[in-house]
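In what follows, a single structure is set out as structure tokens and then discussed.
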Amino acid sequence: MARRLPRGQETRERILAEALRLFAERGYARVGVEEIAEAAGVTKGAVYHWFTDKDDLGRELQHDLYARLSARALAAMDPAGDAVVNMMRAFDAYLEALGSFDEARFFLRDAWVIPALDEGGRRDHDDGTEFVRGALATAMARGEIVPLDPDALARVLMGMWAEATLHVLRTGDRGATVAVVEQFCTSLRPALERSS
């Protein structure tokens, strides 16, 4: 049996859910705090109790989405497994998870052009890049991937995954995108492993 959230927390979650729905339907710029409060069945004061302003609420939604997608990607990885296989599994799980978060797709497509949201998204992106950098450095030390600058490679991979995500969101062509990402990841194996 699912545990109920405390009453205040239920209100907060309802505000977040309604804000996400409205942002997805009408766009971030076209939605105000008053509309969010009305949709959630609360006062503007209740919204401001939980969030400083609309941008604070938007950053919370964006961070939550990033955390959920990251958790799905990490869950697909085998800590004792091969780094290249793990990269491919993580990306595939990430894309699969996008299907579960239809309303939140707006953040992945559009948030980077909203300065107040872009700042928080960049922090999450930098945290993810640091995690990937560490995983790459470990994989290089074990000889699983070619020795390259782990900082540069982490940035390139994260950029590739971000663009691949946008491509899937815009075109719906997941298969072709996954094939390109897998080809790139496979190319990171040492030459002897690629030829066998």
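Only the coordinates and a few stated rules stand behind these numbers; no lab work does. Note that the structure is predicted; figures quoted are calculated from it, not measured. FYI the Cβ positions are ideal-geometry reconstructions off the backbone, even for glycines, and counts take in every protein chain you see.
Below are the figures for this structure:
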item	result
Overall dimensions of the range 55-195 by Cα: Rg and Dmax, Å	15.3, 51
Sites Arg155 and Asp56, calculated FRET efficiency, Cβ-Cβ separation with R0 35 Å, nearest 0.05	0.80
Cα-projected label distance for Phe131 with Arg30, points at 7 Å along beta-carbon direction, nm	3.4
Extension gain (nm, one decimal) between Arg21 and Arg122, 0.36 nm per residue minus Cα-Cα	34.1 nm
FRET E, pair Gln9, Asp102, Förster distance 30 Å, beta-carbon r, rounded to 0.05	0.80
Nonlocal amide H pairs with Val31, under 5 Å, H built at 1.01 Å	none
Ratio of Rg to Rh over the range 52-123 (Cα coordinates, Kirkwood Rh, two decimals)	1.06
Neighbourhood charge, 9 Å Cβ-Cβ cut-off, centred on Arg133 and excluding it, Lys, Arg +1 and Asp, Glu -1	-1
Burial ordering of Ile15, Ile114, fewest other beta-carbon atoms within 10 Å first	Ile114, Ile15
